1. Could you please find all residues in the range B:276-290 being of a type in the set (G, A, S) and facing chain A (nearest Cβ under 9 Å)?
2. Residues that are in contact with a His (Cβ under 7 Å, 6 or more places away or on another chain) and under 22 Å from A:M309 (Cβ atoms): list the strands (runs of 3 or more DSSP E) wholly contained in the range A:117-216 that include at least 2 such residues.
3. Taking the conditions exactly as written (within 14 Å of chain B (Cβ to nearest Cβ), at pLDDT 95 or above, within 27 Å of the chain's Cα centre (by Cα) and surrounded by 15 or more Cβ atoms within 10 Å (Cβ to Cβ)), does A:A56 satisfy them or not?
4. How many of the residues making up the range B:299-319 are out of contact with any helix residue (DSSP H, G or I) (no Cβ under 9 Å at 6 or more places or on another chain), not hydroxyl-bearing (S, T, Y) and not in a helix (DSSP H, G or I)?
5. Condition test on A:L256, is it surrounded by fewer than 21 Cβ atoms within 10 Å (Cβ to Cβ) and either free of Cβ contacts under 8 Å to residues at least 24 places away in the same chain or within 14 Å of chain B (Cβ to nearest Cβ) (or both)?
6. Got a number for residues in the range B:98-155 being among the small types (G, A, S) and facing chain A (nearest Cβ under 7 Å)?
7. For A:I78, only one of the following conditions fails: (1) in contact with a helix residue (DSSP H, G or I) (Cβ under 7 Å, 6 or more places away or on another chain); (2) assigned to a loop (DSSP other than H, G, I, E, B); (3) among the aliphatic types (A, V, I, L, M); (4) facing chain B (nearest Cβ under 10 Å). What is its number?
8. Tell me, which residue of the range B:81-96 that is in a loop (DSSP other than H, G, I, E, B) and touching a residue at least 60 places away in the same chain (Cβ under 8 Å) is nearest to the other protein chains (Cβ to nearest Cβ)?
There are 2 protein chains.
Amino acid sequence: MVKKAGREFTIRDVARSAEVAVGTVSRVLNDHPSVTRDVRERVQRAIASLGYERNAVAQSMRSARTHMIACAIRDFDIPGYVSYVKEAERIFRAADYTFLLASTANDKAVELSLLRKFAQRRVDGVMMTISDENDPELIAAVEQAKMPLVLIDREMIQSVDRVAADHRSGARQATDYLLSLGHRRIALFVGDPHAHPSRSRIAGYRDAFRAAGLEPDPSLIRDHSLSNEFTFRETAALMQRPEPPTAVFVAGIDMLAGAMRALKAAGLAIGRDVSVVSGGDSDLAELSTPAITALQWDRAEMGRHAAQMLLDRVTGRTTEPPRCVRVPVSLVVRESCRPPR
Amino acid sequence: MVKKAGREFTIRDVARSAEVAVGTVSRVLNDHPSVTRDVRERVQRAIASLGYERNAVAQSMRSARTHMIACAIRDFDIPGYVSYVKEAERIFRAADYTFLLASTANDKAVELSLLRKFAQRRVDGVMMTISDENDPELIAAVEQAKMPLVLIDREMIQSVDRVAADHRSGARQATDYLLSLGHRRIALFVGDPHAHPSRSRIAGYRDAFRAAGLEPDPSLIRDHSLSNEFTFRETAALMQRPEPPTAVFVAGIDMLAGAMRALKAAGLAIGRDVSVVSGGDSDLAELSTPAITALQWDRAEMGRHAAQMLLDRVTGRTTEPPRCVRVPVSLVVRESCRPPR
DNA sequence: GACCAATTTGGAACCGGTTCATTGACCAAT
DNA sequence: ATTGGTCAATGAACCGGTTCCAAATTGGTC
């Protein structure tokens, strides 16, 4: 790390060195056609010999575009979850946008503060999740954002573009499946019901019961937090009841580990003692013994849609009203569910 | 997403509205002491009523500091790996730096291009991994970076700060353990041996054999790629040999899934038919049946060190020569290893 | 009331690009 | 020889903050 002594070279240094005007250097940098080959080469030689690097800050200043896209997600290290971010990053990189990734811990204060920081940085577009789709402050912040914004896995705020997995259908499929095996006491774990995924999952769960002419035990719906600790504690508590659930549907995308840890500690075998469905697929679900039945959707497609929608807004290709893209969810049946004993 | 019509308000609009000079507004924004309460309040009212947001681009332009830290890592979705990034982000956020996260796919071209983009954006500091510590182009790019830079899990380039887990010791412990159980044909899977982790792991593996007065079978050292597909294929191929290994040490941080998939497909039971040690701990390792013995280190501490070292450089608190912080690695013994049959 | 020092405020220059009106050079047509 | 048109290149203004010197104001002292 060579601590730089003097200031860096500017376009004016290049101009002086190549004996041309600053405007000419700018045109060379931007591949403007009206530069003779001779001059262009002279400028390029000067750039190379000085080791000049264009200053994106100054460029943004004048052009009022930063070519930055900000993305804020709940948490980085949710296995598999980040795949959609990866795909989005790929697309933005290809379109020559710098991708700025931040995590929010699902915390409203962090979300608001990030949104503000993004605005101050004048990023060209934002892709994010928010913790609560009903919070007036969050709604206002999202709606009044000065840059195009795409919400991920959120559905309610109609005035912005959205991409969401069809969690209602997913939860319906999972619950249908468990009901068809004969389960009636099916525990449902979801996060805070204020955001779309949890709300939709609860709806899908209820849909399935209703369609079967049954009524779910409301005390088995545990909607509070997405954290692993929560899932661990709740699983442990539920399984100690006199009439424990015969099946557990851990609907949050990263809840499986918490539930498995609790079941392991309680000495309960998945499949034999209790059936388990995971709301998100992962290596853990696939490679456990027995392998865990899980809900699955095309995460890359989600990222692709989000990135494409955002790019269309940022570049002005689209001025149509905001829309919501829904990604289908399907159930991968493995070995973790059997009829209750 | 309200598409903004006119241009945004500037400090001059605020000045006009509050009937003060632009310099005064700037002073209010930066909490400069020499502003009377009266004027400060008038300016703040104007800011609020206009909905003015400070333009970080213009600010960076003048101050030559962007308050951005860039981070480039191999891949976002390596379970657990990202914990150190999370911790670093937390620290940078607390210090009022914006964190810019990118992935490189362990690809030299991407690494070089990102480093260049970071330079153009004039980020204040960089935290990253590189695919090959011996590549002259990469070395040059890292050494000539105009901003402070910390390498993660790389050791060789002495002219920059580094934070690395002690993979040599980790591999030594894992191999010692397998040797002590009586294994002799121990397959080792690592990534490209040009980067520190793989090189160190191979060294640790050899150390253990040498200390036991044994010679490892070189054909069992599979150093080529970190990808899951590679691990899958190699595991499958090795287990089909006439004399297959009795133990597999998947030393890469995210190789376990690939190996497990191959063993499952081959109908081999971990523990009974083949012993397995994972080079990185994860939910998958902990919750598999049997639970997988794995190497572990404090990832948050790694992130903390990296962030702190970088901040010290960025803020000029440190001008001492670059150093390398080594994070200890330990072996968590679980149930996946038994003496060979 | 005069004077001086300290504090507050004003406003121009500056950061490093982009853009555009203007100039200059060259060629073809009249 | 003059005019018109095209194409290259020039250089000043501009983007929106920060900074710093100068000017204005305040307060205290004699």
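1. Residues satisfying the conditions are B:S282, B:S288.
2. A:161-165
3. no
4. Result for the range B:299-319: 1.
5. no
6. The number of residues fulfilling the criteria is 4.
7. The number of the failed condition is (1).
8. The qualifying residue nearest to the other protein chains (Cβ to nearest Cβ) is B:Y81.
The values are calculated or read from the model by the stated rules, or taken from the named source; none is laboratory data. Everything numeric in this text was worked out from a predicted model, so none of it was measured. Here Cβ is always computed from backbone atoms with ideal geometry, including for glycine, and neighbour counts include all displayed protein chains.
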